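First comes the structure, then the notes that go with it.
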Amino acid sequence: MGWYDRRTRRVRDLACGDMRIYLEFEVRRVQCRSCGKVKRERLEFLADNPFYTKRFSHYVGRRCRSTTIKDLAKELHLDWDTVKILEKQYMQAQLAKVGTPGPKAIGIDEISIRKGHDYRIVVSDLLRRRPIWFGGEDRKEASMALFYDWLGEKKTKGVRLAVMDMWKPFRNVTVARAPQAAILFDKFHIMRHLGKALDEVRKSEYRRLSGHDRSYIKGQKYTLLSHRENLTLAGRQNLRKLLAANKRLNTAYLLKESFGQLWDYEREGWARRFFDNWRASLKWQRLKPYEKFAELIERHWDGIAAYCKPENKVSLGFVEGLNNKIRVIQRRAYGLRDEEYLRLKVLTCMLPRL
């Protein structure tokens with residue numbers, strides 16, 4: 001090494017109310033004899049942004065988990081872009097600390113990042129209860145294959161269960177790349193199809209009736225779709241009047257409520273007997289949407305019956321809960337244009353704070 005000099009640096013270290021606390025230190029600059037360039041020594045306590053310490057960067061990142069960039073920038077007297085950069089550095093440090101997982105049970109779903117059917121795929125580790133991959137350009141097979149490329153052949157062989165909706169590209173790629181994994185269709189997506197069938201029955205009854213009989217149905221969509229225990233007192237009273245006034249809706253509602261029992265069985269034979277009896281009860285009921293739903297279940301029976309096995313008992317609500325959390329992140333920011341920032345927010349939303 002050639003010559004060197006020392007210079008005093010002043011960087012932002014902490015924020016305490018309206019006070020700004022700085023750290024002063026000396027940094028050495030050294031000229032390399034081989035390449036002739038002047039290089040600065042690396043100090044571990046500095047963030048990637050050399051104007052701030054790691055402690056301050058982590059403070060900003062922790063605060064951004066519960067507040068917006070705009071509000072925090074105003075509070076700390078920083079530029080909006082500076083807060084965003086520091087938060088991204090914090091989230092990158094979180095991901096580096098946890099490393100690449102080797103999941104045994106995964107949940108696969110897609111999220112819409114903007115209008116126009118622009119989707120990205122989110123894969124979660126259902127045992128560790130956190131998202132592990134966010135990517136793709138759509139929800140087609142090529143995008144789904146990118147996850148297994150990222151995971152690697154060795155860790156892909158360790159996947160024993162894949163929970164997903166009934167979207168064919170997800171299933172096709174998983175069967176091809178992880179044939180040892182059992183396919184399990186998400187209960188909440190299936191019940192959503194049943195809810196749509198019930199709503200179609202409600203609409204058909206509303207069109208069929210007129211006058212006073214129609215008044216019981218108007219405005220009761222979410223009353224019918226909700227579980228009775230989740231309704232308010234007024235909602236339960238309206239539901240009771242509606243079911244007493246309309247026999248077909250009463251039958252459809254009882255069938256919808258009873259179908260959830262399918263996931264309580266621990267043997268596939270008993271589950272199959274329950275479904276056959278449930279489907280047989282549709283005879284003569286003139287519930288065409290329910291008959292289409294039953295055909296859908298029949299075509300995807302293997303992915304539903306897999307839940308009967310004890311080793312496949314995992315939390316099916318985590319994937320849907322994660323989707324709600326992602327929507328909150330997007331809504332708080334009124335939409336996110338920086339896709340890399342959204343990816344980091346999604347992957348770190350369930351990680352512990354540094």
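The values are calculated or read from the model by the stated rules, or taken from the named source; none is laboratory data. These figures come from a predicted structure and were not determined experimentally. Ideal geometry is used to build each Cβ from the backbone, glycine not excepted, and the neighbour counts take in all protein chains shown. For the accessible areas, the whole protein counts, side chains as well, though only heavy atoms, and no ligand, DNA or RNA atoms are used. Shrake-Rupley method; radii C 1.70, N 1.55, O 1.52, S 1.80 Å.
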Given (1) open to solvent by less than 50 Å² (accessible area, probe 1.4 Å); (2) more than 32 Å from the chain's Cα centre (by Cα); (3) not polar (S, T, N, Q), where does residue 263 come up short, assuming only one miss?
-> (2)
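Taking segment 79-97 only, how many residues are without any contact (Cβ under 8 Å) to a residue 12 or more places away in the chain and surrounded by 18 or more Cβ atoms within 10 Å (Cβ to Cβ)? Lay out the reasoning, then the answer.
Step one: filter segment 79-97 for residues without any contact (Cβ under 8 Å) to a residue 12 or more places away in the chain, giving 79-81, 96.
From what is left, the residues that are surrounded by 18 or more Cβ atoms within 10 Å (Cβ to Cβ) are none.
The qualifying residues number 0.
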Strands (runs of 3 or more DSSP E) (entirely within segment 103-211) containing at least 2 residues that are touching a Ser or Thr at 6+ places or on another chain (Cβ under 7 Å) and farther than 22 Å from residue 296 by Cα | 118-125, 130-135
Residue hits (segment 283-325; farther than 29 Å from residue 201 by Cα, more than 24 Å from the chain's Cα centre (by Cα) and surrounded by fewer than 13 Cβ atoms within 10 Å (Cβ to Cβ)) are 310
Going through (1) at pLDDT below 85; (2) surrounded by fewer than 15 Cβ atoms within 10 Å (Cβ to Cβ) one by one, residue 280 fails only at (1)
Within segment 103-123, how many residues are farther than 18 Å from residue 341 by Cα and either in contact with a Leu (Cβ under 8 Å, 6 or more places away or on another chain) or surrounded by 15 or more Cβ atoms within 10 Å (Cβ to Cβ) (or both)?
-> 7
Of these, 177, 160, 171, 192, which one is under 16 Å from residue 127 (Cα atoms) and either open to solvent by 10 Å² or more (accessible area, probe 1.4 Å) or within 18 Å of the chain's Cα centre (by Cα) (or both)?
-> 160
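Quick check on residue 268: is it in contact with a helix residue (DSSP H, G or I) (Cβ under 7 Å, 6 or more places away or on another chain), touching a residue at least 24 places away in the same chain (Cβ under 8 Å) and farther than 28 Å from residue 211 by Cα?
On the way: in contact with a helix residue (DSSP H, G or I) (Cβ under 7 Å, 6 or more places away or on another chain): yes; touching a residue at least 24 places away in the same chain (Cβ under 8 Å): yes; farther than 28 Å from residue 211 by Cα: yes.
When the stated conditions are applied, residue 268 passes them.
Yes or no: segment 231-242 includes at least one residue that is touching a residue at least 24 places away in the same chain (Cβ under 8 Å) and either of a type in the set (S, T, N, Q) or more than 19 Å from residue 166 (Cβ to Cβ) (or both). Spell out the reasoning first.
First, the residues of segment 231-242 that are touching a residue at least 24 places away in the same chain (Cβ under 8 Å): 241-242.
With either of a type in the set (S, T, N, Q) or more than 19 Å from residue 166 (Cβ to Cβ) (or both) added as a condition, the list becomes 241-242.
Yes, the conditions are met somewhere in segment 231-242.
Anything in segment 226-245 that is touching a helix residue (DSSP H, G or I) at 6+ places or on another chain (Cβ under 6 Å) and either polar (S, T, N, Q) or open to solvent by 60 Å² or more (accessible area, probe 1.4 Å) (or both)? List them, or say none. Before you say what the answer is, go through the steps one by one.
Just the residues of segment 226-245 that are touching a helix residue (DSSP H, G or I) at 6+ places or on another chain (Cβ under 6 Å), to begin with: 235, 238-239, 243.
Matches in segment 226-245: 238 only.
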Expected output for segment 51-78 (first residue part of a helix (DSSP H, G or I), partner modelled with pLDDT of 90 or more and open to solvent by 50 Å² or more (accessible area, probe 1.4 Å), Cβ below 7 Å, 6+ apart or cross-chain) is 69/80; 70/80; 72/63; 73/79; 73/80
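Among the listed residues 71, 48, identify the single one that is acidic (Asp, Glu), modelled with pLDDT of 70 or more and open to solvent by 70 Å² or more (accessible area, probe 1.4 Å).
Values: 48 fails: modelled with pLDDT of 70 or more.
It is 71.
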